[in-house]
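Below: one structure, written as structure tokens.
The values are calculated or read from the model by the stated rules, or taken from the named source; none is laboratory data. Everything quoted here is computed from the prediction, not taken from an experiment. Note that we place each Cβ from the backbone using ideal geometry, even for glycine, and neighbour counts take in every protein chain shown. Note: accessible area is taken over every heavy atom of the protein model, side chains too, but ligands, DNA and RNA are not part of it. Shrake-Rupley method; radii C 1.70, N 1.55, O 1.52, S 1.80 Å.
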Amino acid sequence: MSIVQDKTDNAIWDSPDMRNRIRRRYAAERRFKAMGLGAVLFAVAALLILLATILSKGLGGFTQTQVRLDIHFDPAVIGDPNAPDFKHLAEDADYAALVRDSLKKTFPEVTERRDLRALTSLMSAGARVELRKMVLDDPSLVGQTKPLWLLASADVDMYIKGSISGSGHENDRRVKDNAVSWIEALKKDHRIEARFNWHFFTFGDSREPEMAGIWGATVGSLLTLAVTLLIAFPVGVSAAIYLEEFAPQNRWTDVIEVNINNLAAVPSIVFGLLGLAVFLNTMGLPRSAPLVGGMTLALITLPTIIIASRAAIKAVPPSIRAAATGLGASKVQVVMHHVLPLAMPGILTGTIIGMAHALGETAPLLMIGMVAFIVDVPQGIMDPATVLPVQIYLWADSPERAFVEKTSAAILVLLMFLIFMNAIAIMLRQKFERRW
């Protein structure tokens, strides 16, 4: 009977219909794998295109064209360094005259007033700021002649980097023929070159692209994230512990849990409106302050921290709780001494991911006034400030072409911040992860 049955089964499996079905099944599997591989390749290609675009435009932002000039710190312009009111005189001195005199000595053939004005425009207004700072820091410079590398204007910088062409009709170019001849003469004399742009990392925002930096926005981001962490972490972890370990299982608890999960999907602009209504209009807190920005971002981060913390607490085996309870520990002791330490890697990972999410937020901060043009670096959480994503938004909206590379460079810095924070989350998870 069994031999007959085996022959019948073999006949079925060897039939043309069965072979066709198996062939179609294998073909479907191959198509499914090809679709998955295609999706992965498409995502990788999109990521590479994005990175290549940002890198090609942003790397230029880390360099800035500078011109070497022999600056004579003329006492007739700056003032006597031995005078009692020298600091006041040095602050109000005409440092543009020092730059203009140096350029006139470098190009003695330029004598017309109009040409002298065009020649002076090769240099940035930041050159005057640098000279003023140098004199205030070291008054002994007065009376000396020093070779100094000073900031060139944004147009010169774009020309040196090839972003502005020197060919074509003069009226169609921002850099005119006489400026091109002066720049080429400076290049031939090795007096002009693109150098690492320290100002980009040490200056605040500016209307002049060559003087604009991210330090003010970076400090604003750090202060805002500090406020966010101080509020969101204790509140989020406490809420997770209560809901997971102490809250009674009833309808109200279910409603709270569902709403927390739904809050994670609410658009961030809604939290911005909430911050505007509560923190600014009701509580009267100052606009553009990191305190308000941090409190608003804490509302966005809280659902992420609560959900991640609850998952980490739930992952602790019940045997840990049972063993501690069996040894006479109270409920609070079980949670604080055994459950929470074991869940802490998952809690920290969720917190860092939530903070990385908050670091990249822009929309809610626009609602509370952190989009203002702020030059000064904030000194505290109550000072006006902006953050990196908003700074990127402001520069991207600027009509000045030189801000394009600044925008891409700032995006690269922000990406490095995010990668760094995610790397910390991965390291914490791998270092403290326990397997049962």
* To do: Evaluate the following for I320: is it β-branched (V, I, T), in contact (Cβ under 8 Å) with a residue 60 or more places away in the chain and in a helix (DSSP H, G or I)?
  => no
* Residues of the range 228-244 classified as open to solvent by 80 Å² or more (accessible area, probe 1.4 Å) and within 34 Å of the chain's Cα centre (by Cα), total -> 1
* Asked: Looking at the range 73-85, is at least one residue in contact with a strand residue (DSSP E or B) (Cβ under 9 Å, 6 or more places away or on another chain), in contact (Cβ under 8 Å) with a residue 12 or more places away in the chain and either outside any helix (DSSP H, G or I) or crowded, with 16+ Cβ neighbours inside 10 Å (or both)?
  -> yes
* Asked: Which members of the range 344-387 meet the condition of being part of a loop (DSSP other than H, G, I, E, B), of a type in the set (G, A, S) and under 16 Å from the mean Cα position of the chain (by Cα)?
  -> G360, A385
* Asked: open to solvent by 80 Å² or more (accessible area, probe 1.4 Å), in contact with an Asp or Glu (Cβ under 9 Å, 6 or more places away or on another chain) and not in a loop (DSSP other than H, G, I, E, B) - does that describe any residue in the range 245-261?
  -> no
* In the range 321-343, what residues are within 42 Å of the chain's Cα centre (by Cα) and either within 25 Å of M427 (Cα to Cα) or open to solvent by 30 Å² or more (accessible area, probe 1.4 Å) (or both)? -> V332, Q333, V335, M336, H337, H338, V339, L340, P341, L342, A343
* Selection within the range 168-190 - in a loop (DSSP other than H, G, I, E, B), open to solvent by 30 Å² or more (accessible area, probe 1.4 Å) and either touching a helix residue (DSSP H, G or I) at 6+ places or on another chain (Cβ under 6 Å) or at pLDDT 85 or above (or both) -> R174, K176, D189, H190
* **Which numbered condition D92 fails, given (1) under 40 Å from the mean Cα position of the chain (by Cα); (2) surrounded by 19 or more Cβ atoms within 10 Å (Cβ to Cβ); (3) farther than 30 Å from M416 by Cα** => (2)
* Structure fact -> In the range 191-227, anything within 30 Å of E109 (Cα to Cα), open to solvent by 40 Å² or more (accessible area, probe 1.4 Å) and of a type in the set (A, V, I, L, M, F, W, C) is listed as A194
* To do: Go over the candidates S165, S140, S181 one by one and state the one that is under 36 Å from the mean Cα position of the chain (by Cα) and polar (S, T, N, Q).
  => S165
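Okay, residues lined up against (1) over 26 Å from V270 (Cα atoms); (2) in contact with a His (Cβ under 8 Å, 6 or more places away or on another chain); (3) open to solvent by less than 30 Å² (accessible area, probe 1.4 Å):
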residue: I353; (1), (2), (3): no, no, no
residue: A358; (1), (2), (3): no, no, yes
residue: D383; (1), (2), (3): no, no, no
residue: A423; (1), (2), (3): yes, no, no
* To do: Scan the range 47-72 for residues that are of a type in the set (A, V, I, L, M), touching a residue at least 12 places away in the same chain (Cβ under 8 Å) and either in a helix (DSSP H, G or I) or open to solvent by 60 Å² or more (accessible area, probe 1.4 Å) (or both) and jot them down.
  => I54, L55, L59
* Taking only the range 388-413 into account, find how many residues are assigned to a loop (DSSP other than H, G, I, E, B) and open to solvent by 50 Å² or more (accessible area, probe 1.4 Å). => 4
